[in-house]
Amino acid sequence: GDGELGIALRTGQITGKEIRIYAGCGIVAGSNPEKELEESAAKMIPMRSALH
């Protein structure tokens, strides 16, 4: 179809004194799982840095 999607690849959640951050990737047939994991970790660096 001609659908358009918006996906949050970086997000955070604050509950009381607890903060959770999440990051993800767009997985496709040719994706390398190890590289996707590295990319997700790299996406969290700015969020983690902002909290310190």
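Annotations
- Criterion (in a strand (DSSP E or B), touching a residue at least 24 places away in the same chain (Cβ under 8 Å) and not small (Gly, Ala, Ser)) met by exactly one of 21, 14: 21
- Exactly one residue out of 49, 40 is under 9 Å from the mean Cα position of the chain (by Cα) and assigned to a helix (DSSP H, G or I), and it is 40.
- Lone unmet requirement of (1) among the small types (Gly, Ala, Ser); (2) assigned to a strand (DSSP E or B); (3) more than 10 Å from the chain's Cα centre (by Cα) for residue 29: (2)
Rule-based calculations on the coordinates, nothing more; no lab input. Computed from a predicted model, the values in this text were never measured in an experiment. A quick note on method: Cβ atoms are made from the backbone with ideal geometry, for glycine too, and the neighbour counts reach across all protein chains shown.
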